[in-house]
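The values are calculated or read from the model by the stated rules, or taken from the named source; none is laboratory data. Here the structure is a predicted model, which is why all the values come from computation and not from measurement. Reconstructed Cβ throughout: ideal geometry from the backbone, glycine too, with neighbour counts over all protein chains shown.
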Amino acid sequence: MAVLLSVCRSNRKEDPKLPEKAASLDENGGIQGDSHYGHGLRQVSMLRQEDVELAARKAGFPFPYGSLAENLRIKDLQENMLKKGKRLKVGEKVVLEVTEIGKRPEEPHSYDYRGWCLLPEVGYFLRVVSRGEVHPGDIVQPEE
């Protein structure tokens, strides 16, 4: 069963995202108060914990929550649940739809952590389909 490990946001794109106890998401733009709020189909960025752990082994140091510019970090989320168009239910109410996997190589990146940036290669971008609040510890499951 997949679980939300962290929910993070930042006020400016150049700043690291910081973990929050909760976040409100809405269909108009993603995570309220986040620097990427209102960015079309890339309202929310997400990394799988397994991908972050692999990068940490290669890098030789850990990646704190939000340090890779992700809004959400989720553990035990299978890659087959993350195809473009797939929907995920987070907690009781929030539904997110995968809109993009990775970033185009030529696209600029506004933030990296100690030279590492995972969103272009193994990151996921989602849009909010159903609003609500999410908290670390929430269960994440495919929407049927």
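Which condition number in (1) modelled with pLDDT of 95 or more; (2) surrounded by 15 or more Cβ atoms within 10 Å (Cβ to Cβ); (3) over 22 Å from P142 (Cβ atoms) is the one that A69 fails? That leaves (1) as the condition not met.
The rows are residues; the columns are (1) surrounded by 15 or more Cβ atoms within 10 Å (Cβ to Cβ); (2) within 18 Å of C8 (Cβ to Cβ).
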| position | (1), (2) |
| --- | --- |
| S35 | yes, yes |
| L54 | no, no |
| F61 | no, no |
| D76 | no, no |
| V94 | yes, yes |
| E97 | yes, no |
| R114 | no, yes |
| G132 | yes, yes |
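Every test in (1) small (G, A, S); (2) touching a Pro at 6+ places or on another chain (Cβ under 9 Å); (3) closer than 24 Å to R114 by Cα is passed by G60 save one, and that test is (2). For the range 34-52, filtering for residues that are closer than 21 Å to E133 by Cβ, small (G, A, S) and more than 13 Å from the chain's Cα centre (by Cα) leaves 2.
To keep it simple, each residue is scored yes or no on (1) in a helix (DSSP H, G or I); (2) over 14 Å from the mean Cα position of the chain (by Cα).
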{"residue": "L54", "(1), (2)": "yes, yes"}
{"residue": "R57", "(1), (2)": "yes, yes"}
{"residue": "P62", "(1), (2)": "no, yes"}
{"residue": "S67", "(1), (2)": "no, no"}
{"residue": "E70", "(1), (2)": "no, no"}
{"residue": "I74", "(1), (2)": "no, no"}
{"residue": "N80", "(1), (2)": "yes, yes"}
{"residue": "G85", "(1), (2)": "no, yes"}
{"residue": "L96", "(1), (2)": "no, no"}
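If you filter the range 10-33 down to residues that are farther than 19 Å from R114 by Cα and under 12 Å from the mean Cα position of the chain (by Cα), you find that the one that is surrounded by the most Cβ atoms within 10 Å (Cβ to Cβ) is G30.
Taking the criterion of being without any contact (Cβ under 8 Å) to a residue 40 or more places away in the chain and closer than 17 Å to G137 by Cα, the only residue of the range 44-63 that qualifies is E50. Whether a residue is in a strand (DSSP E or B), over 17 Å from A2 (Cα atoms) and under 15 Å from the mean Cα position of the chain (by Cα) was assessed, and R127 passes this test.
Would you be able to tell me the number of residues in the range 51-64 that are out of contact with any helix residue (DSSP H, G or I) (no Cβ under 9 Å at 6 or more places or on another chain) and closer than 18 Å to L4 by Cα? Residues meeting the conditions: 2.
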